[in-house]
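Each remark here refers to the structure printed beneath this line.
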Amino acid sequence: MTEKTEIYIQPTPNPNALKFTLNKDVKTEGKVSFKTPIESQDIPLAAALFDLRGVDQIHFFQNVITVSKFSFEDWENLEPAIQTCIENFIDDHDPNFKVHDPEADRRAALSPEQRHIEEILDRKIRPGLQGDGGDMVVQDFKDNVLIVKYQGACGTCPSSTTGTLEAIRSILRDEVNPDIEVYLAPEV
């Protein structure tokens, strides 16, 4: 008999994102963000969530699904629809699914200084972002300028462009170089 799925719904700092924490894994290794329905087409649970009106992005990490919505949609209707969708698809969901991870390839080619920056971000920044249903990747680092891109709930969170970005800058100035600058990558 399959264990009954329990879902705990929590707000994030982003008013347009909610965390759905399950008593089952949704991604056993790594994390993945889906920004479009096409990106999720091979993962039935993610594809079904994108079929719901108002879903903008989906982020899977461990036993958490973070769903970001378009601002025109309200949570009153969307939240129960997401919960029902998860309940309907989770038993057939394979949390061991693999997606190509360009981040692993990128990290393998980093300089020692860049690896040091990534280690600091892994230790001091990413756990907080992941706890709120998001994450970040480094897009570029050159001439003391670090370009980052947010994922999941962080991608559309108002505080990510101010307080979070300033925290990243401050930590890296303390631990790496007092002249380092940190900017958000432009949306493409």
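No value in this document is a laboratory result; all are computed from the given coordinates. Please read all numbers here as calculations on a predicted model, not as lab measurements. FYI the Cβ positions are ideal-geometry reconstructions off the backbone, even for glycines, and counts take in every protein chain you see.
Any chance you could run the full-extension gain for Arg173 through Asn88? It's 0.36 nm times the residue separation minus the Cα-Cα distance, nm to one decimal. List each step's numbers first, then the result.
Numbers: separation 85, 0.36 × 85 = 30.60 nm, distance 4.71 nm.
My answer for the length gained is 25.9 nm.
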Quiz item: Given charges of +1 on the Cβ of Lys and Arg and -1 on the Cβ of Asp and Glu, with all other atoms neutral, how large is the dipole of segment 119-188 about its Cα centre, in debye to the nearest 20?
Solution: 120 debye
Quiz item: Where does the longest stretch of the chain lie that holds no chymotrypsin sites (Phe, Trp or Tyr not before Pro) found in a DSSP loop with 15 or fewer other Cβ atoms within 10 Å?
Solution: 73-188
Self-check item: Shape call, segment 7-92: gyration tensor on alpha carbons, a/c limit 1.5
Solution: rounded
Quiz item: Taking all pairs of different Cα atoms in the chain, averaging 1/r and flipping that mean, what Kirkwood radius in angstroms comes out?
Solution: 17.4 Å
Quiz item: How far apart, in nm, are two points set 7 Å out from the Cα along the Cα-to-Cβ line at Ile38 and at Gln139?
Solution: 2.0 nm
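Of the cross-linked pairs Lys19/Lys69; Lys4/Lys24; Lys27/Lys69; Lys4/Lys31; Lys27/Lys98; Lys98/Lys149, which ones have a Cα-Cα span greater than 18 Å in the structure shown? Let's see the in-between values first.
Values: Lys19/Lys69 12 Å; Lys4/Lys24 10 Å; Lys27/Lys69 21 Å; Lys4/Lys31 24 Å; Lys27/Lys98 9 Å; Lys98/Lys149 22 Å.
Listed pairs above 18 Å: Lys27/Lys69; Lys4/Lys31; Lys98/Lys149.
Let me know the Kirkwood hydrodynamic radius for segment 102-184, please, with Cα pairs as the basis and the value in Å to one decimal. It would help to have the intermediate numbers written out before the result.
Numbers: mean 1/r = 0.0778 Å⁻¹.
Answer for segment 102-184: a Kirkwood hydrodynamic radius of 12.9 Å.
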Quiz item: What are the residues whose amide H is under 5 Å from the amide H of Asp56, where those residues sit 5 or more places off or on another chain and H is modelled from the backbone?
Solution: Ser68, Lys69, Phe70
